[in-house]
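Below you'll find the structure, written out as structure tokens, and then a few comments.
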Amino acid sequence: MEKRQELYAGKAKSVFRTDDPDKMVLVFRDDTSAFDGKKIEQLDRKGMVNNKFNAFIMTKLQEAGIPTHFEKLLSDTECLVKCLDMMPVECVVRNVAAGSLCRRLGVEEGTTLTPPTFELFLKNDELGDPMINESHVESFGWAKADDLAKAKELTYKVNHVLKELFAQGGMILVDYKLEFGLFKGEVVLGDEFSPDGCRLWDAETKEKLDKDRFRQGLGNVIESYEDIGRRIGIDFDA
Ligand code: UDP
């Protein structure tokens, strides 16, 4: 497998073509951004930590029968993935109220949500990723109704697997964002799963361990990401 030209550089990852038209290389950079790119910093070791974190989680999800684009780790900061035709939507499940839900609905942070909520956001930086609903996705042609239904089903299935995994490490999976795409007609989990795209609290102290440490200037961001990883069995030195 040969890495070829850069296809796209996002806020934290870059994507490269390979000599196989069905495969791409994801490069996890140290860049960290929040508030639609208004706060940007380089955090030492972040690319390595998120790459290994994502590889571990994607492998767990695959073992649980959730199709993902992840193929294999290539280096500390790179992995090989399948090329998906991405749906331009973000699927968010919340087990506990935090972040934009609290701002939008005036709900107190920490309120348990039973059953967990499912929300959709349009991936559009210029518009600030507005919240949308399932009928918008279908009417604007962002995805077919049955593909969206599958993405929703898989998003809940991920909750089942990961809530348990993080609970075993003494953490609460508060919420998370997933992105899906199509590979040869099948709905497949794409993008990444790392502490950048989810909220995790210590189950006892309710300390924030995820990217909210960066958003809220709480410090020790990458130390905390590594702590989350170690608690679920990731060896970052491997
Ligand atoms: N999220 C993300 N990318 C985004 C927006 C949200 O990964 O562009 C994640 C975020 O980290 C959290 C969940 O989705 O785990 C819900 O985010 P929320 O809607 O509360 O928005 P925020 O408060 O992060 O702006």
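Brief remarks on what is shown
- Calculated [222 nm] ellipticity per residue, helices only, for the chain: -9000 deg cm²/dmol; basis is -39500 (n - 2.57) per DSSP H run with n ≥ 4, divided by all residues, nearest 500.
- Simple point charges give the picture: +1 on the Cβ of Lys and Arg, -1 on the Cβ of Asp and Glu, and for the stretch 160-230 a dipole about the Cα centre of about 140 debye.
- Once both labels are positioned 7 Å from their Cα atoms along Cα-to-Cβ, the gap between Phe118 and Thr18 label points is 3.2 nm.
- Between Glu186 and Asp129, the simple label model (points 7 Å from Cα in the Cβ direction) yields a spacing of 2.7 nm.
- Among the DSSP helices (H) of the chain, those spanning at least 27 angstrom by Cα along their long axis with an average Kyte-Doolittle hydropathy of -1.0 or more are 145-168; this is a geometric and hydropathy rule only.
- Size descriptor, Kirkwood hydrodynamic radius, that averages inverse alpha-carbon separations across the stretch 140-182, Å: 11.7
- Trypsin sites (Lys or Arg not before Pro) within the stretch 96-186, DSSP loop, no more than 16 other Cβ atoms inside 10 Å: Lys123, Lys144, Lys184
- Checking the cross-link pairs Lys60/Lys206; Lys23/Lys46; Lys23/Lys152; Lys150/Lys177; Lys13/Lys144; Lys52/Lys72 against a 19 Å limit on the alpha carbon distance flags Lys60/Lys206; Lys23/Lys46; Lys23/Lys152; Lys13/Lys144 as lying beyond it.
- Viscosity 1.306 mPa s, 10 °C: Kirkwood-radius Stokes-Einstein D of the chain over Cα pairs, µm²/s: 87
- With contacts taken as Cα pairs under 8 Å at a separation of at least 6 residues, the chain carries a relative contact order of 17 percent.
- Summary of packing: across the peptides 188-198, 91-101, the per-residue average of other C-beta atoms within 10 Å ranks them, highest first, as 188-198, 91-101.
- Against the rule of thumb 2.2 N^0.38 Å, how large the Cα Rg of the stretch 1-70 comes out: 1.25
- P(r), alpha carbons of the stretch 111-193 - 10 Å bins starting at zero, rounded %: 15, 45, 32, 9, 0
- Charging the Cβ of each Asp and Glu at -1 and of each Lys and Arg at +1, and nothing else, the dipole of the chain about its Cα centre rounds to 180 debye.
- 3J(HN,Hα) from dihedral phi, the stretch 82-88, Karplus parametrisation 6.51/-1.76/1.60, rounded to Hz, x for glycine, proline: 6, 7, 10, 8, 6, 7, x
- Cβ-based net charge around Glu109, under 12 Å, with every Lys or Arg adding one and every Asp or Glu removing one: +2
All of the numbers you see were taken from the coordinates with simple rules; none came from a lab. Owing to the predicted nature of the structure, the values given are computational and were not obtained by experimental measurement. Every residue, glycine as well, gets a Cβ built from its backbone with ideal geometry; the counts of neighbours run over all protein chains shown.
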